[in-house]
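To keep things clear, I will list the structure first and then write my remarks on it.
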Amino acid sequence: MPRERAPCVHFLARKPFGAVYIGVTSDLVARIYQHRTSAVPGFTSRYAVYRLVHFEQFDRMDAAIAREKQLKNWHRQWKVNLIQSGNPDWYDLAPGLGIPPLAPRGPRNGS
């Protein structure tokens, strides 16, 4: 059975209070997979921004695009407040959508 697609705005973060990416898609599961496999080069692959910390679903794509534009114009603190209002610990929400959890990151200095 094919999975249901829905227009959606999503926020990805590297870590709590770290870099935040805002995007729009009609297939959130496929888009998260693309981000995590660096299938499309860009901000998320360059800065390892893979943790899904917030998403909003819409009935129509034009509404999702309008919301994405609105959110991208917000001050950073407003975006942080929005994330924290629904996900105060910045947990990765992707496993709740059937996406495997992120692998734990090792130490940066190799030890």
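Each residue in segment 83-103 was checked for being without any contact (Cβ under 8 Å) to a residue 40 or more places away in the chain and in a helix (DSSP H, G or I), and 5 pass.
Please verify whether segment 58-66 includes one or more residues that are of a type in the set (D, E, K, R) and either closer than 18 Å to LEU97 by Cα or outside any helix (DSSP H, G or I) (or both).
yes
Scanning segment 1-12 for residues that are of a type outside the set (Asp, Glu) and either at pLDDT below 95 or over 9 Å from the mean Cα position of the chain (by Cα) (or both) turns up MET1, PRO2, ARG3, ARG5, ALA6, PRO7, CYS8. Looking only at segment 7-30, residues that are among the polar types (S, T, N, Q) and closer than 12 Å to PHE43 by Cβ come to 0 in all.
Here's the yes/no breakdown for (1) in contact (Cβ under 8 Å) with a residue 24 or more places away in the chain; (2) surrounded by 14 or more Cβ atoms within 10 Å (Cβ to Cβ); (3) within 14 Å of GLY23 (Cβ to Cβ):
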| residue | (1), (2), (3) |
| --- | --- |
| HIS35 | no, yes, yes |
| SER38 | no, no, no |
| SER45 | no, yes, yes |
| GLU56 | yes, yes, yes |
| ASP62 | no, no, no |
| ILE65 | yes, yes, yes |
| GLU68 | yes, yes, yes |
| TRP74 | no, no, no |
| LYS79 | yes, yes, yes |
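Confirm whether ASP27 is in contact with a Lys or Arg (Cβ under 9 Å, 6 or more places away or on another chain), charged (D, E, K, R) and surrounded by fewer than 18 Cβ atoms within 10 Å (Cβ to Cβ). Yes: the conditions hold for ASP27.
Right, THR44: of a type in the set (Ser, Thr, Tyr) and at pLDDT below 95 or not?
Taking the combined requirement at face value, the residue satisfies it.
Scanning segment 67-82 for residues that are assigned to a helix (DSSP H, G or I) and among the polar types (S, T, N, Q) gives GLN70, GLN77, ASN81. Applying the condition of being small (Gly, Ala, Ser) and assigned to a loop (DSSP other than H, G, I, E, B) to segment 13-37 and asking which residue is nearest to the chain's Cα centre (by Cα) yields ALA19.
For segment 38-57, a residue qualifies if it is of a type in the set (D, E, K, R) and part of a helix (DSSP H, G or I), and exactly one does: ARG46.
The values are calculated or read from the model by the stated rules, or taken from the named source; none is laboratory data. Keep in mind it's a predicted model, so treat the numbers as computed, not measured. For neighbour counting, all protein chains shown are included, and Cβ atoms are generated from backbone atoms with ideal geometry for every residue, glycine included.
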